[in-house]
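Let me begin by presenting the structure, written as structure tokens, before commenting on it.
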Amino acid sequence: MDELKNYIVQPAPPTVYYIPNFITEEEESYILNKVYGVPKPKWTCLSNRRLQDYGGIPHKNGMIVEKIPSWLETFMNRISHFKLFGDKVANHVLVNEYLPGQGIMPHSDGPLFYPTITTISCGSHTILEFCDSNDRGKICDLLLEPRSLVILQDDMYTKYLHSIREVTEDRITDCYANLKECSSKYSIGEVLKRKTRVSLTIRNVPKVCKVKLWNL
Ligand SMILES: O=C(O)CCC(=O)C(=O)O
Ligand SMILES: [Fe+2]
């Protein structure tokens, strides 16, 4: 945790860490190859995005644990190293794919996860927006660059909702809370076109059940 203190995003409510270039370009291509190399049934298709679950499907009675491929474990270990999940390690990865114009409605990740979200972005930037859960008033926006890691905890997990707007481009404003932490230097007014973004959301599901499989 201590090594994260240089990455805290100050104008945002507690707590946001933003690490640009958390992975290299080679690792980004490697992740994209693995994500697109799965058999088609691995994808769950929703109306406005596709996703893949690794580690199991979180459930209130406990997640039935599934073996995670070793290529993903490499990145989970890199996250677990920060000790963000109490005395536990990451045990679940949600892969989301967004085409330009796709997004996700305001929501909170809820009680099935330890209240820390860590997300690696691949292939495109996006804008992650936060709003108040009562009046939907804007709290802040974060510019997530490709290859970055964002970590959300505390009020940013429990109190506010997060969302991604269904747009194909974003105009840079000085309102992005992490603009000065970004690796690229953007000019105000510049327009960034969204490409296909694949995000890896790496979390801990505290309640798991290991089913015993009998040989009948
Ligand atoms: O893709 C992202 O960065 C956010 C995904 C998300 O909020 C979720 O799946 O709960
Ligand atoms: Fe979420």
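The values are calculated or read from the model by the stated rules, or taken from the named source; none is laboratory data. Everything quoted here is computed from the prediction, not taken from an experiment. Using ideal geometry, Cβ is built from the backbone for each residue, glycine included, and neighbour counts are taken over all protein chains shown. Heads up: the accessible areas ignore ligands, DNA and RNA and are worked out on the full protein's heavy atoms, side chains in. Shrake-Rupley method; radii C 1.70, N 1.55, O 1.52, S 1.80 Å.
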message: Given contacts defined as C-alpha pairs under 8 Å and at least six residues apart, what's the relative contact order of the chain, whole-number percent?
response: 30
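From the square roots a ≥ b ≥ c of the eigenvalues of the alpha-carbon gyration tensor of region 151-216, which class results: rounded (a/c under 1.5), prolate (a/b over b/c), or oblate?
Values: a/c = 3.36, a/b = 2.27, b/c = 1.48.
Prolate.
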message: I need two numbers for the chain: Rg to one decimal and Dmax as a whole number, Cα atoms only, in Å.
response: 17.2, 65
task: Apply the Karplus parameterisation 6.51 cos²θ - 1.76 cosθ + 1.60, with θ equal to phi minus 60°, to every residue of region 190-200 and state each ³J(HN,Hα) to the nearest whole Hz, in sequence, with x for glycine and proline.
output: 4, 10, 9, 7, 6, 10, 5, 10, 10, 10, 10
statement: Judged on accessible area alone, 1.4 Å probe, highest first, TYR36, TYR176 line up as TYR36, TYR176
query: Relative to the longest principal Cα axis of the chain, at what angle does helix 70-80 sit, 0 to 90 degrees, rounded to 10?
result: 60
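Could you size up the charge dipole of the chain around its Cα centre, putting +1 on the beta carbon of Lys and Arg and -1 on that of Asp and Glu, and report it in debye to the nearest 20?
Details: 27 positive and 25 negative charges, 157 e Å.
The dipole magnitude comes to about 760 debye.
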statement: Longest principal axis of the chain (C-alpha) makes with the long axis of helix 25-36 (C-alpha) an angle, in degrees to the nearest 10, of 50
query: Across the Cα atoms of region 1-89, what radius of gyration and what greatest pairwise Cα-Cα distance (Dmax) are found, in Å?
result: 16.0, 42
task: Run the quick spin-label model on LYS210 and VAL89: label points 7 Å from Cα toward the beta carbon, then report their separation in nm to one decimal.
output: 1.3
statement: The lysines whose Cα lies under 18 Å from the Cα of LYS138, excluding any fewer than 8 residues away in the same chain, are LYS159
